[in-house]
1. Please work out the FRET efficiency for the pair Lys26 and Phe54, using the Cβ-Cβ distance as r and a Förster radius of 35 Å; give the result to the nearest 0.05.
2. Specify whether the C-alpha gyration tensor of segment 11-58 places it in the rounded, prolate or oblate class, a ≥ b ≥ c being the square roots of the eigenvalues: rounded for a/c under 1.5, otherwise prolate if a/b is larger than b/c and oblate if not.
3. Would you list Ile19, Ile76 from fewest to most Cβ contacts within 10 Å?
4. Give me the one-decimal Kirkwood hydrodynamic radius in Å for segment 74-119, with the sum taken over alpha-carbon pairs.
5. Report the far tail of the P(r) of the chain, meaning the percent of Cα-Cα pairs longer than 25 Å.
6. What's the exposure ranking of Phe91, Phe54, going from fewest to most Cβ atoms within 10 Å?
7. At R0 = 41 Å, how high is the FRET efficiency between Leu95 and Arg15 if r is their beta carbon distance? Nearest 0.05 is fine.
8. If exposed means no more than 16 neighbouring beta carbons inside 10 Å and the site is in a DSSP loop, what's the longest run of the chain without any exposed trypsin sites (Lys or Arg not before Pro)?
Amino acid sequence: MDQNQLITMTKKEARRYEIINNLLVKKIDGTEASTQLHLSVRQTKRLKVAVKQFGIKGIIHGNRGKKGNRQIDEKILKKTKEHLKATYYDFNPLLAQEHLRDDHKILLSKETVRQIMITEKLW
């Protein structure tokens, strides 16, 4: 690991790291650590192994900085916005959603279409 690398942590993560370090240097036992962390003994052991293996990065959640897997593809979002602005600007979200589905094969929920329309100042 690069020594000059900056690692951003929440207060909760910093506190967790401190408790796991105390566990590693045997200031406290696993039961006390799990009590302080409000986690099960098993989860505490998992964190301990992660810190041993990865250091301070073992505390940080693995999905941090990654794109969410429920996000709408940018191409679909762009096409949806284009269709809404050009053709369906005066439709309500349900009707717009139905036309996007039937005419353009864009499958989005009514609520998603409504949220897009709100951000685009169409609803």
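Only the coordinates and a few stated rules stand behind these numbers; no lab work does. Just so we're clear, the structure is a prediction, and the values are computed from it rather than from any experiment. We place every Cβ from the backbone using ideal geometry, glycine too, and count neighbours over all the protein chains shown.
1. 0.95
2. Note, shape of segment 11-58 comes out rounded.
3. Working: Ile19 23, Ile76 14.
With the fewest neighbours first, Ile19, Ile76 line up as Ile76, Ile19.
4. Result for segment 74-119 stands at 10.1 Å.
5. 52
6. Going from sparsest to densest Cβ surroundings: Phe54, Phe91.
7. Working: r = 51 Å, r/R0 = 1.24.
It comes out at approximately 0.20.
8. On the way: sites that count: Lys26, Lys27, Arg64, Lys66, Lys67, Arg70, Lys105, Lys121.
Value returned for the longest uninterrupted segment is 28-63.
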